[in-house]
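Notes follow once the structure below has been shown.
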There are 4 protein chains.
Amino acid sequence: MIKVGIVGGTGYTGVELLRLLARHPQVELRAITSRKEAGMPVADMFPNLRGRVKLAFSTPEEAGLERCDVVFFATPNGVAMQQTRALLDTGVKVIDLAADFRIKDVAEWQKWYKMEHACPDLVAEAVYGLPEINRERIRGARLIANPGCYPTAVQLGFLPLLEAGVVDAGFLIADAKSGVSGAGRKAEVATLFAEAADNFKAYAVAGHRHWPEIRQGLESFAGKAVGFTFVPHLTPLIRGIHATLYAKASADIDLQALFEKRYAGEPFVDVLPAGAHPETRSVRGANVCRIAVHRPQGSDSVVVLSVIDNLVKGAAGQAVQNMNILFELAEDTALADVGMLP
Amino acid sequence: MIKVGIVGGTGYTGVELLRLLARHPQVELRAITSRKEAGMPVADMFPNLRGRVKLAFSTPEEAGLERCDVVFFATPNGVAMQQTRALLDTGVKVIDLAADFRIKDVAEWQKWYKMEHACPDLVAEAVYGLPEINRERIRGARLIANPGCYPTAVQLGFLPLLEAGVVDAGFLIADAKSGVSGAGRKAEVATLFAEAADNFKAYAVAGHRHWPEIRQGLESFAGKAVGFTFVPHLTPLIRGIHATLYAKASADIDLQALFEKRYAGEPFVDVLPAGAHPETRSVRGANVCRIAVHRPQGSDSVVVLSVIDNLVKGAAGQAVQNMNILFELAEDTALADVGMLP
Amino acid sequence: MIKVGIVGGTGYTGVELLRLLARHPQVELRAITSRKEAGMPVADMFPNLRGRVKLAFSTPEEAGLERCDVVFFATPNGVAMQQTRALLDTGVKVIDLAADFRIKDVAEWQKWYKMEHACPDLVAEAVYGLPEINRERIRGARLIANPGCYPTAVQLGFLPLLEAGVVDAGFLIADAKSGVSGAGRKAEVATLFAEAADNFKAYAVAGHRHWPEIRQGLESFAGKAVGFTFVPHLTPLIRGIHATLYAKASADIDLQALFEKRYAGEPFVDVLPAGAHPETRSVRGANVCRIAVHRPQGSDSVVVLSVIDNLVKGAAGQAVQNMNILFELAEDTALADVGMLP
Amino acid sequence: MIKVGIVGGTGYTGVELLRLLARHPQVELRAITSRKEAGMPVADMFPNLRGRVKLAFSTPEEAGLERCDVVFFATPNGVAMQQTRALLDTGVKVIDLAADFRIKDVAEWQKWYKMEHACPDLVAEAVYGLPEINRERIRGARLIANPGCYPTAVQLGFLPLLEAGVVDAGFLIADAKSGVSGAGRKAEVATLFAEAADNFKAYAVAGHRHWPEIRQGLESFAGKAVGFTFVPHLTPLIRGIHATLYAKASADIDLQALFEKRYAGEPFVDVLPAGAHPETRSVRGANVCRIAVHRPQGSDSVVVLSVIDNLVKGAAGQAVQNMNILFELAEDTALADVGMLP
């Protein structure tokens, strides 16, 4: 059994990790920390876990994380980088669901996250946990930077096009729509039901923290600098991201075949038939990215539609996938949920 | 392996059966029928099943249902009663998710369902599939009448009170609220998004078909006639039923202890601590009924709050639970999903 | 022109007052106060008001409320009682949308609101602003206690029954469902979109502050003590209250005629035809209470369905109605909006 | 008083026309036709209209449309073109809310709408009812082609850029999101609540009927052929369209000033301050298009955000605006509603 600890389990990625890990046959949940809620049974905060998760929140000091095999950080940005070195030093593997280790350019990270990085050397060591590009490197890693939700959907959509060099990398557009759980379980007026229901809006058009993360990926796929515009929107879903990607074709190839071939062996990327439109609900609760590629009306525009559940393939599910790879388990262990429709 | 057939799989209870059975380790899905959609892969209609269910819809003639071990009817009312006898005669077990075999008084059934019953003798034989009251009889049955969604939530809420005889059975009220999937996957104006979203209404106050089904149960629990008022409401949920039950206390006992004792051994009924309020989302996708009992401000009113997912414990999940009991499997096989929250 | 001031305009009742008053032909908006947001144009917080309301928030000191003809308090409980006497003394009329002056029994109020009342004498003077029972007294009042949202829907539903004495006043039940805006525009986890969407729950079954307010009204209608159970629920609507009321008939009269006669002259109460089910969306944005009365299946149960928009007839609209009565304007001035459907 | 008739009032644009016209001080509603519902009071179908609209549906034969001053067609495509000539011949003005007269190229229209056009000469005469470009021509028209919902939001967003020639007209992208009422009040599975709630998807990427309508407008603004990609999405709103527009800057000018100047005199286009993000709810129920223009991070991408209520500025409100212009009334008569927020 893999001994698992979770730091910061009072948010949505925390409860989603627990939902998935509660049924993982190789996992023993050892601790979940929250200084504020220490002593409260987890199932008192998240009643869906009643009868399934017995743990109570504990303080970091009592948690015994150093005796775990792997620790997940489901914390705000800036927490994992303070605690990771000590854990690695005692032989614990670390999977950070926040952004601390995602961006290799530490100066860029510091600019966007507005804090000084505590351990730039670990940024260099960390493996970006997108299995579809880094599976082999994940296998031997000590420290995984679990990708952001938008970055997962957008990178998987652009990946085949940029690797193949069949679009103009100088003018890439991602128009992305996220459900409200993406904003986290924080008390804020802007994400109240009476504010976010029956409402649709763009936000952070001037610059979103996922922009440099995505650009880093796109540039590595393309092997050169890219021009990339990213506009996120808030839509009245609980869960789900729909990324609509636009590029200008620079070669006339069979895009459907390109995507199918690229993702042929991938257990968690599903390329839909030509002409299809993926729906976010088809992946609700499931660790899947569904993708369709279009070339509308014979124009030179390429349109890619990419959907994930932001809390699963966009966060907790992908983290468990990374853990499965790390510990050489079947990659889909505890990730076989069928999407919940309706 | 249990060979399973499903008649009428194009509705919400059908897709939910498939979601659950796709992961059942003892089940081999053999056929799913739809005359209208014959030939279409099920996953083309329900994209959440892509990669998980390979079956295509078949006509009833081609389906080979008579070679199955059990057949689920996920059909409109009046279909199962036409086909059940032939299946039973060839040794196939039948679980009907519709209402054909739920009400023992055939004349009453005919009045509410406005058709003649095709096989009153099978009504007499059928076992009402509420495991919490009929587990032993289900075990040996050939034909299970799977309870309605409202009836499951309401009966489980009143059961301990009426068995114990601690409320006035002459004035029982169930104020029930259902998500829109309860109306089925039928093209109707009243359940369009633009009609049902941001809207709340009662319906069928003059009389709902679940009223006689519930009353039949309540009278069997109480051992006498009851006075029962049932008001269903449509609320903008996809899934979920919340039943709020009212009765007048006729004895002064510890209601919390009464409920906890009655459901102590039940795997799928969860009595919440005193003072709690169950939420529908805590059972979203899970085969659980969560119940809380209150006695507000020392009055003589008893208030019971009972929640289920109408498609799971209220339909497909309970049907799988009944199948597990029928075939002497662990009762929670394929029913271990944790509720999806958020 | 009536010079109007609003204290505390950053919540939902505040913006709703502005939406209605912006189009009131006899009103001159003079000031809206918020110490925290002083200086910010109201339309920067509430973009629906762009181009329609020019005011900026001001501090209470700068607002010049004492030079207004009427001041609305759209504040948390306990604020209006601190400022009302000074305003009344300078001849300003006061309409309090909070609870400070609603309950005549000051001890009872103090128990439920957990603070000491600042001016019990003004509680005695205040007129409870439910025009359907108090129109004449409102006309000459200095101080109006605008009713709560649940109390408006519940009292208007029970009023004809209790006045006529045709139900058992000893066992009255109100099962009420509210949209999430009823919880106000406060940053709280429980009312986040990702918590409240696709979810339904009861709350405060042990005791809600609107219970004593409603009971006070019911007892005045009945002319005696009543037994009253109140269970509020949170439902995923932005706006809307649906109250389902239950009572036991004690006389056999024509309920439809009773309700139609009672509300014959009322501009803002609409009794639906026999057999109807009012929908909350039919009153979305409109200052109307729609009511239907049922006697299901000839039983002795009376069921009343009563719907309002909690922010209009349940708050700001009723406050404007009270203002219109106070200043002897046509009662429907600025209140002629048709409900927004869909 | 202007005598008004409505053909086909059982859909969402029909009820929205009634909501607006019921309060129009210069309008006398004379008839609303529906062969199927003839005889039924309109308020029985749309309970928000109770007490405000007394009309019943009538057959076209009984309606006396030829005695009206203006007739609105709120019908499916292909109906207005059958009846318009007769009305025009008797001196009645016609405003068609469907697509029959929107596209000047009749062959193109026939290709997209898959029927033969009944009166190509009237297409030539019809004035496209987007007041912001055609106000003077509307004034003297007999026949108005009221724009589609997507076309209104997209054209108003691109208009200043293309008129000024400051973007590359060869690669224009509109990523548009619509609420579900845009699909109309038709019984269809795809727009059921349980299908469309908590779900997001693109549709018709291969080609949508609004594409040629929008392209026609964009080409007239640009004075040349354009390359235009249009991807519509369905989002769980009742009302609202959010269009996110992308173009490549070809000149370095002050975009904020450009937009503010272009729309300076327009009563129903609101250019937000630099950096803003319009929300659909800010225009809920209001006849306004709110627009913001961005140039993210100094790139050469121009991003325009444009929101409308699809039933108001995108349909019925704009139709009333056109009627006001036609009859030389104040353009905002009956269109002064403030957006309903929350």
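The values are calculated or read from the model by the stated rules, or taken from the named source; none is laboratory data. Fair warning: this is a prediction, and the values are worked out from it, not measured in the lab. Cβ: placed from backbone, ideal geometry, glycine included. Neighbour counts: every protein chain shown.
One table, with the values for the structure above:
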quantity: Hey, D:Arg19 out of contact with any His (no Cβ under 9 Å at 6 or more places or on another chain), under 15 Å from C:Val338 (Cβ atoms) and either part of a loop (DSSP other than H, G, I, E, B) or not small (Gly, Ala, Ser) (or both) or not; calculated: yes
quantity: Looking only at segment B:70-85, and only at residues there that are in contact with a Leu (Cβ under 9 Å, 6 or more places away or on another chain) and outside any strand (DSSP E or B), the one that is surrounded by the fewest Cβ atoms within 10 Å (Cβ to Cβ); calculated: B:Arg85
quantity: Single residue of segment B:317-342 satisfying the filter (within 14 Å of another protein chain (Cβ to nearest Cβ), hydrophobic (A, V, I, L, M, F, W, C) and touching a residue at least 40 places away in the same chain (Cβ under 8 Å)) that is nearest to C:Val231 (Cα to Cα); calculated: B:Leu341
quantity: Residue that is surrounded by the fewest Cβ atoms within 10 Å (Cβ to Cβ) [pool: residues in segment B:228-237 that are in contact with a helix residue (DSSP H, G or I) (Cβ under 8 Å, 6 or more places away or on another chain) and part of a strand (DSSP E or B)]; calculated: B:Pro232
quantity: Scan of segment C:214-225 for residues that are in contact with a Lys or Arg (Cβ under 7 Å, 6 or more places away or on another chain) and either buried (at least 23 other Cβ atoms within 10 Å of the Cβ) or outside the structural domain of C:Val293 (by TED's automatic domain parsing) (or both), ordered by number; calculated: none
quantity: Lone qualifier among D:Ala206, D:Ala225 - being part of a loop (DSSP other than H, G, I, E, B), away from chain B (no Cβ under 14 Å) and farther than 22 Å from A:Leu245 by Cα; calculated: D:Ala225
quantity: Qualifying positions in segment C:184-216 - closer than 19 Å to C:Thr235 by Cβ and small (Gly, Ala, Ser); calculated: C:Gly184, C:Ala190, C:Ala194, C:Ala196, C:Ala197, C:Ala202, C:Ala204
quantity: Complete set of residues in segment D:292-316 that are more than 12 Å from chain C (Cβ to nearest Cβ), farther than 30 Å from A:Ala225 by Cβ and either surrounded by fewer than 23 Cβ atoms within 10 Å (Cβ to Cβ) or β-branched (Val, Ile, Thr) (or both); calculated: D:Ile308
quantity: Residue check for B:Gly240: touching a Gly at 6+ places or on another chain (Cβ under 9 Å), within 12 Å of another protein chain (Cβ to nearest Cβ), touching a residue at least 24 places away in the same chain (Cβ under 8 Å) and surrounded by fewer than 22 Cβ atoms within 10 Å (Cβ to Cβ); calculated: no
quantity: Boolean, C:Arg52 is among the basic types (Lys, Arg), outside the structural domain of C:Arg209 (by TED's automatic domain parsing), assigned to a loop (DSSP other than H, G, I, E, B) and more than 18 Å from C:Pro212 (Cα to Cα); calculated: yes
quantity: Restricting segment D:25-49 to residues that are part of a loop (DSSP other than H, G, I, E, B) and surrounded by 20 or more Cβ atoms within 10 Å (Cβ to Cβ), the residue that is modelled with the lowest pLDDT; calculated: D:Ser34
quantity: Residues located in segment C:215-239, provided they are more than 23 Å from B:Val302 (Cα to Cα) and among the hydrophobic types (A, V, I, L, M, F, W, C); calculated: C:Phe221, C:Ala222, C:Leu237, C:Ile238
quantity: Yes/no for A:Ser250 being closer than 23 Å to D:Thr244 by Cβ, among the hydroxyl-bearing types (Ser, Thr, Tyr) and assigned by TED's automatic domain parsing to the domain that holds A:Ile173; calculated: no
quantity: Members of segment A:179-195 found to be at the interface with chain C (Cβ under 7 Å from one of its Cβ atoms), closer than 17 Å to A:Asn310 by Cα and not in a loop (DSSP other than H, G, I, E, B), listed by number; calculated: A:Val180, A:Ser181, A:Thr191
quantity: Yes/no for D:Ile103 being aliphatic (A, V, I, L, M), outside the structural domain of D:Leu159 (by TED's automatic domain parsing), under 19 Å from D:Glu219 (Cα atoms) and modelled with pLDDT of 95 or more; calculated: yes
quantity: Qualifying position, being closer than 30 Å to C:Asn287 by Cα and more than 14 Å from chain C (Cβ to nearest Cβ), among D:Gly9, D:Gly39, D:Gly91, D:Gly64; calculated: D:Gly39
quantity: Residues (buried (at least 24 other Cβ atoms within 10 Å of the Cβ) and within 22 Å of the chain's Cα centre (by Cα)) located in segment B:161-172; calculated: B:Leu161, B:Leu172
quantity: Those residues of segment D:86-124 which are surrounded by fewer than 18 Cβ atoms within 10 Å (Cβ to Cβ) and β-branched (Val, Ile, Thr), in sequence order; calculated: D:Thr90, D:Val106
quantity: Out of B:Leu172, B:Leu245, B:Leu255, B:Leu162, sole residue that is farther than 23 Å from C:Arg281 by Cα and either among the acidic types (Asp, Glu) or touching a Lys or Arg at 6+ places or on another chain (Cβ under 7 Å) (or both); calculated: B:Leu255
quantity: Residues located in segment C:317-342, provided they are within 16 Å of C:Asn134 (Cα to Cα), in contact with a Pro (Cβ under 7 Å, 6 or more places away or on another chain) and surrounded by fewer than 24 Cβ atoms within 10 Å (Cβ to Cβ); calculated: C:Ile325, C:Glu331
quantity: Every residue from segment A:56-65 that is under 25 Å from the mean Cα position of the chain (by Cα) and surrounded by fewer than 18 Cβ atoms within 10 Å (Cβ to Cβ); calculated: A:Pro60
quantity: The lone exception for D:Gly140 - which of (1) of a type outside the set (Val, Ile, Thr); (2) surrounded by fewer than 23 Cβ atoms within 10 Å (Cβ to Cβ); (3) touching a Gly at 6+ places or on another chain (Cβ under 7 Å) it fails; calculated: (3)
